[in-house]
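In what follows, a single structure is set out as structure tokens and then discussed.
The values are calculated or read from the model by the stated rules, or taken from the named source; none is laboratory data. Owing to the predicted nature of the structure, the values given are computational and were not obtained by experimental measurement. FYI the Cβ positions are ideal-geometry reconstructions off the backbone, even for glycines, and counts take in every protein chain you see. For accessibility, only protein heavy atoms count, side chains too; no ligands or nucleic acids. Shrake-Rupley method; radii C 1.70, N 1.55, O 1.52, S 1.80 Å.
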Amino acid sequence: MLEISNLNKTYPNGVQALNNVSLKIDKGMFGLLGPNGAGKSSLMRTIATLQDPDSGTINFNEIDVITQKEQIRSLLGYLPQEFGVYPTSSAEELLNHLALLKGIADGKERKNMVTNLLELTNLSIHKKKKLGGFSGGMKQRFGIAQALLANPQIIIVDEPTAGLDPEERDRFHNLLCQIGENVTVILSTHIVSDVSVLCKDMAIMDNGRVLVQISPSMAIEKLKGKIWKKIFDKNDCQQTSKYKIISSRLIHGKLMLHAYSESLPDNGFELDVPDLEDVYFAYIKKIIEVR
Ligand code: ADP
């Protein structure tokens, strides 16, 4: 269990990136959802021991993450938002080198580990290729391979699917799903569908604060019977301001509105089945009361 309590961080420029953040994260896939600037990367970097908070604590089982950095680093794999590779190295060479840096000194053990990870991430056939020629999806899978070196118990992946095409994203989802069966995987993202596909628990962050920690299925359940849809003409936008609007989307040139209401908001509205996107916007727009 990873337990984060009352974490605060204000950068020298005065931005408070973490505002009393508390979370309890169990084994499995955990989604950290929030818009750009919410504080997700700041939290990820803090858990990965790359920066210290101003106050608060993080514990992983018996380990105090903030003071016992070496202990936690040996249990941690991290795929940062910006993951640079040496473009002239092959996947196999760089993974071998990174394994050595992780302290896997035994040559045979290292070779086995590299072979297995290339296999798991579906990169075996590309192992001799230079990383500079890898596609976005291949680079991300290589990023996961290096995050998995030395069997980590916590894996942190920061915005991993941004920039991937749909097929690459599916592959990456499958890979994360496989990994998340045995360890704690924290997936930070602004893409709601990443979380709805993968995670059994999640938190929504905005402006440095955790708005809610809840399972996606429970969050959706709570919205049942409260999400209404209506199609408006594009030019009718003004009259929509009287509703608690969750989202408005253009569909075939018309405006499809999702509104939150305990009862029928108005003529012409129909009850709709809520999804995680409705949950996300309901919290981000403070339509649902935050804890
Ligand atoms: P997210 O990952 O959710 O996009 P970040 O943690 O990157 O959010 O950023 C949270 C806030 O902190 C933003 O306003 C960002 O501009 C600011 N910020 C992030 N890193 C730094 C830094 N090193 N120095 C100053 N401000 C920063």
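Of these, Ser248, Ser215, which one is among the polar types (S, T, N, Q) and either crowded, with 18+ Cβ neighbours inside 10 Å or over 29 Å from Val157 (Cα atoms) (or both)?
After ruling out the rest, the residue left standing is Ser248.
From the list Leu255, Leu264, Leu198, pick out the single residue that is over 18 Å from Lys285 (Cα atoms) and modelled with pLDDT under 90.
Result of the check over Leu255, Leu264, Leu198: Leu255.
Looking at (1) at pLDDT below 95; (2) open to solvent by 30 Å² or more (accessible area, probe 1.4 Å); (3) part of a helix (DSSP H, G or I); (4) not polar (S, T, N, Q), which one does Arg141 not meet, given that it meets all the others?
Among (1) at pLDDT below 95; (2) open to solvent by 30 Å² or more (accessible area, probe 1.4 Å); (3) part of a helix (DSSP H, G or I); (4) not polar (S, T, N, Q), the lone unmet condition for Arg141 is (2).
Would a scan of region 145-158 turn up a residue that is part of a helix (DSSP H, G or I) and of a type in the set (Asp, Glu)?
Here is the first cut: in region 145-158, the ones part of a helix (DSSP H, G or I) are 145-147.
Of the ones still in play, those that are also of a type in the set (Asp, Glu) are none.
No: zero hits.
So that you can scan it fast, the table gives a plain yes or no per residue for (1) away from the ligand (no atom under 14 Å from the Cβ); (2) within 16 Å of the chain's Cα centre (by Cα); (3) under 23 Å from Val21 (Cβ atoms):
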| position | (1), (2), (3) |
| --- | --- |
| Val183 | yes, yes, yes |
| Ser188 | no, yes, yes |
| Leu198 | yes, yes, yes |
| Leu211 | no, yes, yes |
| Ser215 | yes, yes, yes |
| Ala219 | yes, no, yes |
| Ile227 | yes, no, no |
| Lys230 | yes, no, no |
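Among the residues of region 57-64, is any farther than 22 Å from Gln213 by Cβ and assigned to a loop (DSSP other than H, G, I, E, B)?
Keep residues of region 57-64 that are farther than 22 Å from Gln213 by Cβ, which gives 62.
Subsequent filtering for residues that are assigned to a loop (DSSP other than H, G, I, E, B) retains 62.
Yes, some residue in region 57-64 is farther than 22 Å from Gln213 by Cβ and assigned to a loop (DSSP other than H, G, I, E, B).
Within region 47-56, take every residue that is in a loop (DSSP other than H, G, I, E, B) and under 23 Å from the mean Cα position of the chain (by Cα) and give me the one that is nearest to Asn6 (Cα to Cα).
This residue is Pro53.
Can you pull out every residue in region 17-50 that is near the ligand (Cβ under 8 Å from one of its atoms) and open to solvent by 30 Å² or more (accessible area, probe 1.4 Å)?
Pro35, Asn36, Gly37, Arg45
Quick grid of which residues meet (1) in contact with a Gly (Cβ under 8 Å, 6 or more places away or on another chain); (2) hydroxyl-bearing (Ser, Thr, Tyr); (3) open to solvent by 10 Å² or more (accessible area, probe 1.4 Å):
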{"residue": "Arg169", "(1), (2), (3)": "yes, no, yes"}
{"residue": "Leu176", "(1), (2), (3)": "no, no, no"}
{"residue": "Glu181", "(1), (2), (3)": "yes, no, yes"}
{"residue": "Val185", "(1), (2), (3)": "yes, no, no"}
{"residue": "Asp194", "(1), (2), (3)": "yes, no, no"}
{"residue": "Val197", "(1), (2), (3)": "no, no, yes"}
{"residue": "Met202", "(1), (2), (3)": "yes, no, no"}
{"residue": "Asp206", "(1), (2), (3)": "yes, no, yes"}
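Open to solvent by 10 Å² or more (accessible area, probe 1.4 Å), modelled with pLDDT under 95 and closer than 23 Å to Lys69 by Cα, is that true of Lys9?
Judged against the criteria, Lys9 is not a match.
In region 269-291, what count of residues is obtained for those that are farther than 16 Å from Ser241 by Cβ, in contact (Cβ under 8 Å) with a residue 12 or more places away in the chain and in a loop (DSSP other than H, G, I, E, B)?
Going through region 269-291 one residue at a time, the tally reaches 7.
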